[in-house]
Structure formats: structure tokens, C-alpha cells
Amino acid sequence: PAGSTLLIIGAGGAVGRAAVEMALGRRVHVIAVAGGEELEPLLELGAEVAVDYRTEWKSRLEAAAPDGVETALDLVGGESLALGLDLVRDGGRVATTISGADATEAPRDISIGLIAMRSTTSALGAIADRIDAGDLSTRVLRTYPFEEVAVALDALRTRDRAPGQIVLSGRNG
């Protein structure tokens, strides 16, 4: 709800950035965990705190939310989820996109649930509408004409963690 605080673990990727923007649109305070190169863009989006996961981020998060957070979104799993659980208040909730992470034994009275996107035409259309309206942003790394789909797929497989999406444009024929 508006005014609550959400911890987003893995906020630097496309899904994490969208989650930051959606939460901010609901007037939720966002604490973001991402790689160092993603921190400034997340702060520019409106995250109140952005912490590099490669540092002692747990202590920084505890300082940013000394009373803990109500909710966390985990896009990473593993040790990151375990550290994030320590920051969630008793009775709080964690949503994860990592299959199997929802079976993690939660401390205290915290619920963990698995969430997944259904790639339906209407769901993808709703996302496209939000991008068109300026409610969600996306970073495009490179656009390829549809005729170069094989080149685009190769670029997707071989790109080095550069931020942004590979986009196909136009129609074949």
C-alpha cells in the first residue's frame, strides 16, 4: 500500500526496474539492491535507497530501514533472498520469481510466495500501453529489422551484461 516500504532485490534488470517504477506509481518507498553501475539510474527513477549487492549491503539496508520493510520482491534467490528475509518485518511478505525459492523456510511470521508473469496478449498489451503512456520506461540497447532476427538472437546470447533490451522492428514481408 501507499506509504509502505518495498525492498527489491535484483532491481537493476528490466523486471526490477519495472517493479521500481510500478511501486513508485503507487507511492511506495523503494529500497533497491542492484549492481554498482545500476545504482544511479535507480536513484534517478526515484528509489529512495540503492545499494550495491557486491558490498556489505545488509548493514546499509538495516541503516536505511531500521524497523525493517513490510514487503520484499526477490528477483535473485539464494543468499540474496536469505539476507533480504532478515530485513522483512514479522508478518511481512516476500514475493519471488525464482522457482523453488518459495519453499525457503522463512524466519518468524513471514510468508514467501512465487509469482510469475503470464505472457498473454492482454498482459503484454497492458505493459506496452504503460510504456506508451510514459508510466514505464525501457532501455533499448539495439534495434534490429525483423529480417535480421538471427543476428538479434546472436547479439542477445553474446552481449556482455550491457543494460537494455534487444528489439525487433517491422514485419517480414
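What is the one condition in (1) within 20 Å of Ile166 (Cβ to Cβ); (2) in contact (Cβ under 8 Å) with a residue 24 or more places away in the chain that Ile110 does not satisfy?
(1)
Identify, from the list Gly125, Gly134, the residue that is assigned to a loop (DSSP other than H, G, I, E, B) and closer than 22 Å to Ala19 by Cα. Let's see the steps before the verdict.
Values: Gly125 fails: assigned to a loop (DSSP other than H, G, I, E, B).
The match here is Gly134.
Might you check whether a residue that is in contact (Cβ under 8 Å) with a residue 24 or more places away in the chain, surrounded by 10 or more Cβ atoms within 10 Å (Cβ to Cβ), at negative phi and under 22 Å from the mean Cα position of the chain (by Cα) occurs anywhere in region 146-158? It would help to see each step written out before you state the result.
If we filter region 146-158 for residues that are in contact (Cβ under 8 Å) with a residue 24 or more places away in the chain, which is where we start, we get 146-147.
Then keep just the ones that are surrounded by 10 or more Cβ atoms within 10 Å (Cβ to Cβ); that gives 146-147.
Remaining after also requiring at negative phi: 146-147.
With the extra rule that they be under 22 Å from the mean Cα position of the chain (by Cα), the set shrinks to none.
No, region 146-158 contains no residue that is in contact (Cβ under 8 Å) with a residue 24 or more places away in the chain, surrounded by 10 or more Cβ atoms within 10 Å (Cβ to Cβ), at negative phi and under 22 Å from the mean Cα position of the chain (by Cα).
Go through region 92-134 and give me each residue that's open to solvent by less than 80 Å² (accessible area, probe 1.4 Å) and among the acidic types (Asp, Glu).
Asp102 - this is the single residue of region 92-134 that is open to solvent by less than 80 Å² (accessible area, probe 1.4 Å) and among the acidic types (Asp, Glu).
Which one of Ser59, Ser99 is more than 13 Å from the chain's Cα centre (by Cα) and more than 28 Å from Leu141 (Cβ to Cβ)?
Values: Ser99 fails: more than 28 Å from Leu141 (Cβ to Cβ).
Result: Ser59 is the single residue among Ser59, Ser99 that is more than 13 Å from the chain's Cα centre (by Cα) and more than 28 Å from Leu141 (Cβ to Cβ).
Would you list the strands (runs of 3 or more DSSP E) that sit entirely within region 1-91 and hold 1 or more residues that are over 28 Å from Gln165 (Cβ atoms) and either open to solvent by 40 Å² or more (accessible area, probe 1.4 Å) or touching a Gly at 6+ places or on another chain (Cβ under 7 Å) (or both)?
Answer list for region 1-91: 69-74.
The values are calculated or read from the model by the stated rules, or taken from the named source; none is laboratory data. Since we're looking at a predicted model, the values are computed, not measured. A quick note on method: Cβ atoms are made from the backbone with ideal geometry, for glycine too, and the neighbour counts reach across all protein chains shown. Just so you know, the surface numbers come from the protein's heavy atoms only, side chains and all, with ligands and any DNA or RNA stripped out. Shrake-Rupley method; radii C 1.70, N 1.55, O 1.52, S 1.80 Å.
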